[in-house]
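For reference, the structure discussed in these notes is given below.
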Amino acid sequence: MAASTPESKPAERVGGSGRKPEPQSDEPGFKALFHAWLESHRASLVDSLKRLGKQPIGSFFTCLVMAVALSLPMGLALLLDNIERLGGSWQRAAQISLYMELDVRNEAGTALREQIADWPDVADAAWVSREQALEEFQQLSGLGEALRELPDNPLPGVIVVTPREIDRAKLESLRQQLAELPGVEQAQLDLVWVERLSAILKLGDRFVFGLTLLLVATLLLVIGNTIRLHIENRRTEIEVVKLVGGTDGYVRRPFLYMGALYGLGAGLLAWLLLAYGLGWLNEAVVRLAGLYGSDFALAGVPGEDGLSLVLGAILLGYIGAWLAVARHLSELAPR
């Protein structure tokens, strides 16, 4: 009788090993999640652009109001920079005048001027002879005929020293060193114009800073109110989205893009307004400077400042939209 063959096990009949099949995960991978995230942002951006495009006039005037508020502090800051440049170098306003003794001849004064010009703290030095000083005094004072009757020239030679750096302590130290040079009778330093110019510029900087803070707050209110109106127009839609499980981030995203787009438009318009405004004002400035024999002209908007203005406007629009949505998000719960 033949031996019976043992029945094969189920795993052997199937032809597989005895290991249990591993369960497959239904969770999407990182690539799919990242693609879905990008697609969500793209859809939000496109939706924001379409909604702004449906109201071109209202969107333009909103950007224009923001642009005017942005251009005011930036324009004042650029004007202050031009005023500082117009004032020339501050070194000219802080010149040290060395009044020489009456017996110092032109050769000695010229040699001393060359010696002083080589000092590391001195940017420039100029020699004014006694004859030149008398001629200038006659022209400025209007007493030319009376001064010609004098037997001798009462004015000394002068060395006008222009310092390299404007610092009150360093200027005073330089003045003392120059006063000890041979042939120098008096060294005079006049810091009044420097201090006045510095005070005016500091006052202008504070004014611009305060105005910037005020207008930034105004911009946040403008963009916040604009986004609030968009939220009210889409209240029903948002409540439905939250009812079916939409997250706060999903609801907030289109409005953040809308605020950033408002900021982008406002920044570009502000850059254009500043460039046109400075160009228009520069015509009158060049004409006025020409009457005084100067080639001064207003500097335009630097590219770095323009890009900073646009990026700052985008950031302000984003922050304003975020604040507006955060304030009303709790009110958008489905009823």
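Against the condition assigned to a helix (DSSP H, G or I), open to solvent by 50 Å² or more (accessible area, probe 1.4 Å), farther than 30 Å from Val158 by Cα and at pLDDT below 85, how does Arg51 come out, does it pass? For Arg51, the condition - assigned to a helix (DSSP H, G or I), open to solvent by 50 Å² or more (accessible area, probe 1.4 Å), farther than 30 Å from Val158 by Cα and at pLDDT below 85 - is met. Any residue at all in the stretch 292-301 that's assigned to a helix (DSSP H, G or I) and among the β-branched types (Val, Ile, Thr)? Checked against the condition, which is being assigned to a helix (DSSP H, G or I) and among the β-branched types (Val, Ile, Thr), the stretch 292-301 yields no hits at all. The number of residues in the stretch 203-223 being closer than 14 Å to Val68 by Cβ and free of Cβ contacts under 8 Å to residues at least 24 places away in the same chain comes to 1. Do we have Ser97 as of a type in the set (S, T, N, Q) and farther than 28 Å from Leu316 by Cα here? So Ser97 fits the description; yes.
Restricting Leu72, Leu102, Leu33, Leu45 to those that are open to solvent by 30 Å² or more (accessible area, probe 1.4 Å), among the hydrophobic types (A, V, I, L, M, F, W, C) and at pLDDT 85 or above reduces the list to Leu72. If the condition is being surrounded by 12 or more Cβ atoms within 10 Å (Cβ to Cβ), over 24 Å from Val122 (Cα atoms) and modelled with pLDDT of 80 or more, then the stretch 180-204 contributes Ile200, Gly204. Counting only residues that are touching a strand residue (DSSP E or B) at 6+ places or on another chain (Cβ under 8 Å), surrounded by fewer than 17 Cβ atoms within 10 Å (Cβ to Cβ) and under 14 Å from Asp124 (Cα atoms), the stretch 163-174 holds 1 of them. Residues in the stretch 205-227 that are of a type outside the set (Val, Ile, Thr) and crowded, with 17+ Cβ neighbours inside 10 Å: Leu215, Leu219, Leu220, Gly224. Of everything listed in (1) closer than 16 Å to Ser97 by Cβ; (2) open to solvent by less than 50 Å² (accessible area, probe 1.4 Å); (3) part of a helix (DSSP H, G or I), the single unmet condition for Gln177 is (2).
Let's see how each residue does on (1) of a type in the set (Ser, Thr, Tyr); (2) buried (at least 19 other Cβ atoms within 10 Å of the Cβ); (3) at pLDDT below 80:
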position	(1), (2), (3)
Glu239	no, no, yes
Tyr250	yes, no, yes
Gly259	no, yes, no
Gly265	no, yes, no
Leu269	no, yes, no
Pro302	no, no, no
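Of the candidates Leu274, Leu288, Leu329, the single residue that is part of a helix (DSSP H, G or I) and open to solvent by 30 Å² or more (accessible area, probe 1.4 Å) is Leu288.
The values are calculated or read from the model by the stated rules, or taken from the named source; none is laboratory data. Quantities reported herein were computed from a predicted structural model and do not represent experimental measurements. Quick reminder, even Gly has a Cβ in these numbers, built from the backbone with ideal geometry, and neighbours come from all protein chains shown. To get the accessible areas, we keep the full protein, side chains included, count just its heavy atoms, and leave off ligands, DNA and RNA. Shrake-Rupley method; radii C 1.70, N 1.55, O 1.52, S 1.80 Å.
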